[in-house]
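Engineer: The structure under discussion is supplied below as structure tokens; questions concerning it will follow.
The values are calculated or read from the model by the stated rules, or taken from the named source; none is laboratory data. What you see is a predicted model, and the numbers here were worked out from it, not measured in a lab. Note that each Cβ is placed from the backbone with ideal geometry, even for glycine, and that neighbours are counted across all protein chains shown. Accessible surface is based on the protein model in full, side chains and every heavy atom, while ligands, DNA and RNA are left aside. Shrake-Rupley method; radii C 1.70, N 1.55, O 1.52, S 1.80 Å.
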Amino acid sequence: MTSNGLPGLSRESIAVREVNWNELSYPFSNEVKKRYNSITLLDALIPKYPNSEISWFRRLSESIPENSIVFLGNSMPTREWEIAAIRTNKNLKCYSNRGTNGIDGNISTFLGVALNEEESWGIFGDLTTMYDLFAPWILKNHNNKNIRIVVINNGGGKIFSRLPAVRSSSYEVKESIMNHHNISFESWASMWGINYINAMTPNDLSNIPKGPTIIEIKPDLESSEVIWNKL
Ligand SMILES: Cc1ncc(C[n+]2csc(CCOP(=O)(O)OP(=O)(O)O)c2C)c(N)n1
């Protein structure tokens, strides 16, 4: 959707200027069930692969308090939340910047939404986070808000490993598309003087300190791959 009628994409696409959200219907659970065999299979896989990315999304959705803001920032977080989040109504208000596909500005958008809220959880990929490292400057006058910036650090643009065209490419092409790295985000938190948690187990998601906090999750890459393949 775009307010000026321009698509913002280089390929042919339809620009929608106005949407009546109340008229949209999306057969959410049926769609998910069709695409991923069954929720039952997913429920069986999650305890078997607790450190997979998808399992972390289940745990996050269980831990996030009722009435929170949830912001999903590209690319796998959007998909993995859709697949794995619990189907209990917690009155969450969900946002994303998915419209024009950009990974830039996600944390800024999230913080813009979060500043008027008591409890907000933004869940972002590591490259998406790196595109917006200056975003937390705005937090300096908002240290009383429970703003949680969760970074799913899988060491690069792992979304591309799911694309058939990339899977069949040479090692060099894959490397240049995926941008593998070993960077972690603790020093980013200290740069802005905000709390940091390196979440190793789901228990680390309880007792998060008051105020803005960066929560870094490094999912197990092997079990993430296994669970995706089984689904
Ligand atoms: C501004 C911009 N640059 C590049 C891209 C292409 N792109 C789409 S997803 C992605 C990788 C995202 O990586 P990460 O945030 O680590 O998330 P994950 O791969 O785990 O989904 C990139 C570079 C984009 N969408 N927008």
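Engineer: With labels modelled as points extended 7 Å from the Cα through the Cβ direction, what inter-label distance (nm, one decimal) is found for residue 22 paired with residue 82?
Structural biologist: 2.6
Engineer: Among 112, 125, 89, which residue has its Cα positioned farthest towards the positive end of the charge dipole of the stretch 88-143, with +1 placed on the Cβ of Lys and Arg, -1 on the Cβ of Asp and Glu, and the dipole taken about the Cα centre?
Structural biologist: The one lying farthest along the dipole's positive direction is 89.
Engineer: Show me, for the stretch 120-127, the HN-Hα J-couplings you get by feeding each phi into the Karplus relation (A = 6.51, B = -1.76, C = 1.60, θ = phi - 60°), rounded to Hz, glycine and proline as x.
Structural biologist: 9, 10, x, 10, 10, x, 5, 5
Engineer: Across the stretch 199-205, in residue order, what do the Karplus-derived ³J(HN,Hα) couplings come to in whole Hz, using 6.51 cos²θ - 1.76 cosθ + 1.60 with θ = phi - 60° and x for Gly and Pro?
Structural biologist: Result, ordered by residue: 7, 9, 9, x, 4, 5, 8 Hz.
Engineer: Now for a separate question. With +1 assigned to the C-beta of every Lys and Arg and -1 to the C-beta of every Asp and Glu, and no other charges, what is the dipole magnitude of the chain about the Cα centre in debye, to the nearest 20?
Structural biologist: Numbers: 23 positive and 24 negative charges, 80 e Å.
Approximately 380 debye in magnitude.
Engineer: Non-local amide H neighbours of residue 52 (under 5 Å, H modeled in plane, Pro and chain starts lacking H): which ones?
Structural biologist: 220
Engineer: Another question, if that's okay. Could you sort 104, 132, 220 by their accessible area in this structure, using a 1.4 Å probe and putting the largest first?
Structural biologist: 104, 220, 132
Engineer: Between residue 121 and residues 5 or more places away or on another chain, which pairs have amide H atoms under 5 Å apart, with H built 1.01 Å from N, and which residues are they?
Structural biologist: Excluding prolines and chain starts, which carry no amide H, the hits are 69, 70, 71, 148.
Engineer: For residue 88, what is the net charge nearby, where nearby means another residue's Cβ is under 10 Å from its Cβ and Lys, Arg count +1, Asp, Glu -1? Don't skip to the answer; put the middle values down first.
Structural biologist: Working: positive: 87, 90; negative: 62, 66.
After counting each charged neighbour, the total is 0.
Engineer: Between residue 160 and residue 12, how many nm apart are label points set 7 Å from Cα along the C-beta direction?
Structural biologist: 2.7
Engineer: Can you pull the accessible area of residue 228 for me, 1.4 Å probe, Å² to the nearest 10?
Structural biologist: Here the accessible area works out near 40 Å².
Engineer: Now a separate question. In the chain, carbon and sulfur make up what percent of the accessible area (probe 1.4 Å)? Before the final figure, lay out each step's value.
Structural biologist: Details: 6470 of 12610 Å².
Its accessible area is 51 percent carbon and sulfur atoms.
Engineer: Now for a separate question. In percent, how large is the relative contact order of the stretch 38-230, given Cα pairs closer than 8 Å and 6 or more residues apart?
Structural biologist: 24
Engineer: Another question, if that's okay. Give me the base-10 log of I(q)/I(0) for the stretch 107-199 at each q in 0.21, 0.22 Å⁻¹, Debye formula, one uniform scatterer per Cα, rounded to two decimals.
Structural biologist: For the stretch 107-199 at q = 0.21, 0.22 Å⁻¹, log10 I(q)/I(0) is -1.01, -1.08.
Engineer: Turning to a different aspect of this structure: Once the cut-off is 26 Å, how many percent of the Cα-Cα pairs in the stretch 38-230 end up in the long-distance tail? Mind dumping the intermediate values first?
Structural biologist: Numbers: 5293 of 18528 pairs.
The calculated P(r) of the stretch 38-230 puts 29 percent of pairs beyond 26 Å.
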